[in-house]
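Undergrad: Below you will find the structure I want to go over with you.
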Amino acid sequence: MNARTTWSRRAAAAAKNAPKIENRWTRRAAHNKATQTPAAIKTVSRIAADLLDIDTLETRNSDGLDFHDVSVASLKAALVAAYEAGRRV
């Protein structure tokens with residue numbers, strides 16, 4: 001066994017025993033997964049359709065379909081509606 005093999009084994013063992021590093025991206029991914037329930041998606045989709053005139057929140061891979069002009073007043077109304085819907089849950 002040479003020095004390189006010994007170092008590789010030690011590094012692998014240290015990595016295996018090291019605590020999992022959690023950062024804002026891993027927390028955000030876990031939060032998004034937990035909050036994207038069918039009921040939440042349905043509520044947000046309804047708000048987008050009713051207040052922002054956005055037919056679907058699915059990506060359609062077309063700038064003309066995926067990007068929308070939204071007034072500040074409509075955006076504010078949609079955000080307030082989403083906030084209120086979250087408070088009722």
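Undergrad: Work through the residues other than residue 49 whose Cβ is under 14 Å from its Cβ and net out their charges, Lys, Arg +1 and Asp, Glu -1. Please report the intermediate quantities before stating the final value.
TA: Working: positive: 42, 46; negative: 50, 53, 55, 58.
Here the charged neighbours net out to -2.
Undergrad: Also: How charged is the neighbourhood of residue 66? Take every other residue with its Cβ under 14 Å from the Cβ of residue 66, and add Lys/Arg as +1 and Asp/Glu as -1. Present the calculation step by step, with values, prior to reporting the outcome.
TA: Working: positive: 60; negative: 55, 58, 63, 69.
Around residue 66, the charge tally is -3.
Undergrad: So how much slack lies between residue 58 and residue 85, counting 0.36 nm per residue of separation and subtracting their Cα-Cα distance, in nm? If you can, show how the numbers build up before the last one.
TA: Values: separation 27, 0.36 × 27 = 9.72 nm, distance 2.08 nm.
Result: 7.6 nm gained on full extension.
A short reminder: the numbers here are calculations on the coordinates, not readings from a lab. Keep in mind it's a predicted model, so treat the numbers as computed, not measured. A quick note on method: Cβ atoms are made from the backbone with ideal geometry, for glycine too, and the neighbour counts reach across all protein chains shown.
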